[in-house]
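The values are calculated or read from the model by the stated rules, or taken from the named source; none is laboratory data. Keep in mind the model is a prediction, meaning the values are calculated, not measured. When we count neighbours, we look across all protein chains shown, and the Cβ atoms used for this are built from the backbone with ideal geometry, even at glycine.
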Amino acid sequence: MTTIDLTITALSHAGEGIGRHQGRAIFVPFALPGESVRVEITEEKKNFARAQLLEIVKASPERVTARCPHHFRLTPLAGASGTAQAAGMACGGCHLQQLAYPAQLKFKQQTVIEQLQRVGGFADPPVRPALPAPEPFNYRNYVQFSLTPEGRLGFRAAASHHIVPVRECHLLSPVLVELLPQVVIESVPGIDRLTLRAAADEALMVFESEDDAPQVDLEAPVSAVLLRSGGSALTLAGADYLVETVRGRTFKISAGSFFQVNTALAEQMVGLVLEGLALTGAQTVLDLYCGVGLFSAFIAPQAKRVIGVEAFEPAVEDAAVNLDEFDNVEIYAAPAEEVMPALDVKPEAVVLDPPRSGCAPAVVEALSASGAGRIVYVSCDPATFARDARRLADSYSLEWVQPVDMFAQTYHIECVSLFRRR
């Protein structure tokens with residue numbers, strides 16, 4: 001393999017250091033801007049290459065020591081001033097744990113700006129400073145593990161399919177931190193992933209398989225569910241759902257239903273959504289990809305009518321429970337791209353929280369034709385958000401974008417944004 005020296009000048013949107021060598025961009029995971037590094041090329045492409053960090057000749061002042069022992073680490077070289085990579089493969093779960101937290105927030109704001117400029121075509125996008133996590137560690141209420149052939153829990157290594165077994169994870173909520181060492185999988189035929197979810201002081205284990213249920217040895221009281229394709233669930237122990245509290249309201253969340261991974265920031269996101277909608281009590285509001293009804297539950301008391309749209313049947317059932325007290329809420333159980341063109345309603349406002357892939361073109365077209373005065377778009381991917389924002393720009397002006405650090409220590413970014421009808 002070729003070894004070269006680089007100066008890292010920037011971070012990619014995926015949190016990799018970028019340097020240039022002989023006219024090509026070189027992507028180096030865990031390297032930071034301003035650093036002089038020695039790397040080994042691991043993948044050659046026509047216009048770029050990927051490399052493994054071997055040595056930091058000059059470190060960035062924003063480099064910090066990672067808290068997690070499974071994160072990429074460098075150890076001192078004997079008799080030398082530089083550093084070399086520690087033995088073993090690094091977990092690929094945290095991309096930025098080596099970067100000081102204030103710098104992570106600046107990186108995320110800048111990433112959103114650049115995506116809106118490059119993909120969206122906005123010359124000067126109105127992006128606010130990133131909203132920090134109240135707790136940059138121990139915040140995740142949801143985590144998905146891969147399983148080794150021996151049944152050990154782990155995460156895939158950076159840029160690899162290799163599974164790194166982990167004994168601790170500093171992103172997990174306290175409930176999941178306590179549960180993790182107590183999970184022992186005795187048999188895993190046909191199962192290669194395990195999801196742990198938590199809410200308040202309870203936890204839920206979710207296996208995904210079409211095969212028989214696994215044998216699970218637990219030393220703690222926890223619910224367990226086998227999730228089949230399509231969302232049907234077989235309860236192995238306890239209940240097949242959790243109950244989470246947001247802003248004093250409780251929400252039923254079934255095993256396969258989506259919910260925000262950071263409950264503290266989910267509460268702040270609700271506030272941002274309400275800020276953008278600016279409700280007066282007279283509006284009809286459309287809630288696309290409404291999930292278990294998180295936003296609708298807080299919109300309903302301030303709106304005349306709320307129409308939710310959700311394709312995942314178990315989430316629709318959860319929403320029916322969570323929104324049962326409201327007479328002004330109705331839910332369509334179908335994909336948004338099917339409902340929107342056929343919906344004979346002119347909403348005054350729309351909120352949407354699509355998956356990482358963003359909106360189908362039919363949804364964006366229907367939004368543009370809806371006549372809604374305000375659209376609040378919640379996104380977990382700046383690139384697909386920028387693409388959809390470009391499509392909306394003919395009919396709507398982008399008023400503001402608020403990055404939210406829902407996924408601290410990683411390159412992932414949540415955004416809440418407001419579009420106003422031109």
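Only residues that are in contact with a helix residue (DSSP H, G or I) (Cβ under 7 Å, 6 or more places away or on another chain) and without any contact (Cβ under 8 Å) to a residue 40 or more places away in the chain were counted across the range 371-393, and they come to 4.
Every condition in (1) within 21 Å of residue 224 (Cβ to Cβ); (2) modelled with pLDDT under 95 holds for residue 162 except the one numbered (1). Candidates 364, 416: the one that is β-branched (Val, Ile, Thr) and more than 23 Å from residue 267 (Cβ to Cβ) is 364.
Listed conditions (1) in contact with a Phe, Trp or Tyr (Cβ under 9 Å, 6 or more places away or on another chain); (2) free of Cβ contacts under 8 Å to residues at least 60 places away in the same chain; (3) closer than 28 Å to residue 211 by Cβ are all met by residue 309, apart from (3). Evaluated against (1) surrounded by 15 or more Cβ atoms within 10 Å (Cβ to Cβ); (2) of a type in the set (A, V, I, L, M); (3) in a loop (DSSP other than H, G, I, E, B), residue 180 falls short on exactly one condition, (3).
Scanning the range 374-396 for residues that are under 30 Å from residue 261 (Cα atoms), in contact with a strand residue (DSSP E or B) (Cβ under 8 Å, 6 or more places away or on another chain) and of a type in the set (Gly, Ala, Ser) yields a total of 2.
When you go through 286, 279, 274 one by one, which is the residue that is among the aliphatic types (A, V, I, L, M), more than 26 Å from residue 195 (Cα to Cα) and assigned to a loop (DSSP other than H, G, I, E, B)? Step by step, each of 286, 279, 274 is checked, and only 279 is among the aliphatic types (A, V, I, L, M), more than 26 Å from residue 195 (Cα to Cα) and assigned to a loop (DSSP other than H, G, I, E, B). The set of residues from the range 130-177 being of a type in the set (A, V, I, L, M, F, W, C), part of a strand (DSSP E or B) and closer than 19 Å to residue 30 by Cα comprises 155, 157, 163, 164. Of the conditions (1) farther than 24 Å from residue 253 by Cβ; (2) at pLDDT 90 or above, residue 169 fails just one. Which one is it? Of everything listed in (1) farther than 24 Å from residue 253 by Cβ; (2) at pLDDT 90 or above, residue 169 misses just condition (1).
The condition of being surrounded by 22 or more Cβ atoms within 10 Å (Cβ to Cβ) and in contact (Cβ under 8 Å) with a residue 60 or more places away in the chain does not hold for residue 354.
Here is a yes/no grid of residues against (1) assigned to a strand (DSSP E or B); (2) surrounded by 23 or more Cβ atoms within 10 Å (Cβ to Cβ):
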site	(1), (2)
319	no, yes
340	no, yes
386	no, yes
390	no, no
397	yes, no
410	no, no
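Residues in the range 342-384 that are among the hydroxyl-bearing types (Ser, Thr, Tyr) and in a helix (DSSP H, G or I): 3 in all. Just one of the listed residues (197, 156) is within 30 Å of residue 294 (Cβ to Cβ) and either in contact with a helix residue (DSSP H, G or I) (Cβ under 7 Å, 6 or more places away or on another chain) or modelled with pLDDT of 90 or more (or both), and it is 197. Consider the range 365-384 and keep the residues that are among the aliphatic types (A, V, I, L, M) and under 18 Å from residue 272 (Cβ atoms). The one that is surrounded by the fewest Cβ atoms within 10 Å (Cβ to Cβ) is 372. Taking (1) in contact (Cβ under 8 Å) with a residue 24 or more places away in the chain; (2) over 20 Å from residue 204 (Cα atoms); (3) part of a helix (DSSP H, G or I) in turn, residue 315 satisfies each apart from (2).
Yes or no: residue 275 of a type in the set (Asp, Glu) and at pLDDT 95 or above? Judged against the criteria, residue 275 is a match.
Across the range 155-165, the number of residues qualifying as over 19 Å from the mean Cα position of the chain (by Cα) and surrounded by fewer than 18 Cβ atoms within 10 Å (Cβ to Cβ) comes to 4.
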